[in-house]
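What follows is calculated from the coordinates using simple rules that are stated; it is not laboratory data. Computed from a predicted model, the values in this text were never measured in an experiment. Reconstructed Cβ throughout: ideal geometry from the backbone, glycine too, with neighbour counts over all protein chains shown.
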Amino acid sequence: MPLEDIRNERIRKLEKLQKSGFDPYPAESGAHLAIAEVLKKFSAFAKSKKKVVIAGRIMAKREHGGSMFLDVRDASGKIQLFLKKDVLGGNYDLALEVIDIGDFLEVEGKLFKTKKGEETLEVGEWKMLAKSLRPLPEKWHGLQDVEERFRKRYLDLLMNPEIRTRFEVRSEIIKTLRNFFKKNGFLEVETPMLHPLAGGALAKPFQTHHNALDVDLYLRIAPELYLKRLLVGGLEKIYEIGKIFRNEGIDVTHNPEFTMLECYAAYWDENDMMKFVEEMFISLAKMFGLPAQAGRKQEIEFSAQGARLPVGQGSASGGEGKKIIVKKPFARVAFKDLLSRYALITDYERETRDSLATRARQLGIEVGKHESKGKIADEIYKKVCRPYIVQPTFVVNHPIDISPLSKRRPENPAEVRRFQLIVAGVELTNGFAELNDPLDQRSRFEEQEKMRGGGEEEAHRIDEDYLEAMEYGMPPTAGLGIGVDRLIMLFTNTKNIREVVLFPTMRPK
């Protein structure tokens, strides 16, 4: 039957309810028990013949002569309902006519077991709580179109229990992160999402306009510069979990709107922060990874799509499955060493911007005229080198021109004290020994402005308010950004970021 015909038929049933004196969308729902609680105490309730009240959505409907069976589900579980004509009288005929799969009901009755041993509630009274006007996806086929699953996440959650479980795990992971930071003395704070300048990262922003103030504003690409203002103000260990917006492409690890945890610890350096990340990652692995085996460290099962696994390390079914072994200390490898090993760029310092651009094009990477040497190297690293990194590894010592907010390395002023945690070919964290020299910071911003003038849209702007704050003094600090969505992808063995975001950004139909 066409959808519009089904909808019209259900509207007719709704009108039938109204004519019979029932409100199909009442504001009140009586006190009722969770289905899981009813099932847990089933024997006691059935023995006492005590009436119980439950509420939920109808997921299945079966008619048998003068009786009807319904499956009803709430957030805690599912139970079978039994409706009988000689018990309900005229209300049975009304129920048979107007109740559809998808409706929300409140029912009262006694519990019993069928001849097949199925735990069932015999309905003595029923009440419509919300009449559905559209049919749910067919049980056995559900939502087959992946794009449709993301567009109609409410149906995806309703029809696919594993999706609901994944988002419950997401909530638990974020709760675990909050507990870990609290345990380590960090204060959770909130900073603005609307910024007068887009700063704190190298990314293209989304722009908007505030009518009352008549000013252009940007959705934040990072909370960094506001969190550092709080360090100037005397807050020494802080973190924020919130949405970040970057006007970039969409792929399996990128969504324009994503969740980031960013933290700062005064009097730490990047080595302190790397040790902290190791502890945090191990803590998560203990809770959400595979059980540790005798004589072995904690493991995570991950189908590392995009990671290039060395021969013999993949699964028998195509080489994607991989166990991540979580043990301290995580490996550390220099950015330029990865370029040498996998991209055959053996002496990064001697390379010119143009020679790197030539190498990038040979590797199928488009290069803009405005892109700096470090930016080109970073694109080569992302495409050619990073996919080989499977086990937890810190990539360190990045070029200064792609790290305008990090301290220089004394051993090589062209590099900075920065690290990224890579697992299964995916960047999970980005950390720094934060630059707190206001004069050096101004010089870096000025270099970024020159790059911007040459066409680099992601270059950092000069933020005079931030520079003024820095001149009051900021303590030596280590900072860290964690891609929460990617972290959840890893711990739920999920290959696409849109599978762990409830409402991912989609092209309008």
Whichever residue in the range 47-56 is over 18 Å from LYS84 (Cα atoms) and touching a residue at least 60 places away in the same chain (Cβ under 8 Å) and, among such residues, is farthest from the chain's Cα centre (by Cα): LYS50
Check on ASP71, in a loop (DSSP other than H, G, I, E, B) and within 26 Å of PRO161 (Cα to Cα): no
Flag for ILE422 being over 14 Å from the mean Cα position of the chain (by Cα) and within 26 Å of GLU366 (Cβ to Cβ): yes
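Yes/no matrix, rows are residues, columns are (1) touching a Leu at 6+ places or on another chain (Cβ under 8 Å); (2) over 23 Å from GLU434 (Cβ atoms); (3) surrounded by fewer than 22 Cβ atoms within 10 Å (Cβ to Cβ); (4) β-branched (Val, Ile, Thr):
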position: LYS243; (1), (2), (3), (4): no, no, yes, no
position: ARG246; (1), (2), (3), (4): no, no, no, no
position: THR253; (1), (2), (3), (4): no, yes, yes, yes
position: PRO256; (1), (2), (3), (4): no, yes, yes, no
position: GLU262; (1), (2), (3), (4): yes, no, no, no
position: ILE282; (1), (2), (3), (4): no, yes, yes, yes
Wholly within the range 416-493, helices (runs of 4 or more DSSP H) carrying at least 2 residues that are farther than 23 Å from SER372 by Cα: 464-471, 484-491
Neighbours by Cβ (under 7 Å, 6+ apart or cross-chain): first from the range 369-388, free of Cβ contacts under 8 Å to residues at least 60 places away in the same chain; second among the hydroxyl-bearing types (Ser, Thr, Tyr) and part of a helix (DSSP H, G or I): ALA377/TYR348; VAL384/TYR342; CYS385/TYR342
Qualifying residue in the range 96-118 (condition: surrounded by 17 or more Cβ atoms within 10 Å (Cβ to Cβ), touching a strand residue (DSSP E or B) at 6+ places or on another chain (Cβ under 6 Å) and over 29 Å from LYS16 (Cα atoms)): yes
Candidates LEU490, LEU480, LEU467, filtered to the one that is under 30 Å from ARG164 (Cβ atoms), touching a residue at least 12 places away in the same chain (Cβ under 8 Å) and of a type in the set (A, V, I, L, M, F, W, C): LEU490
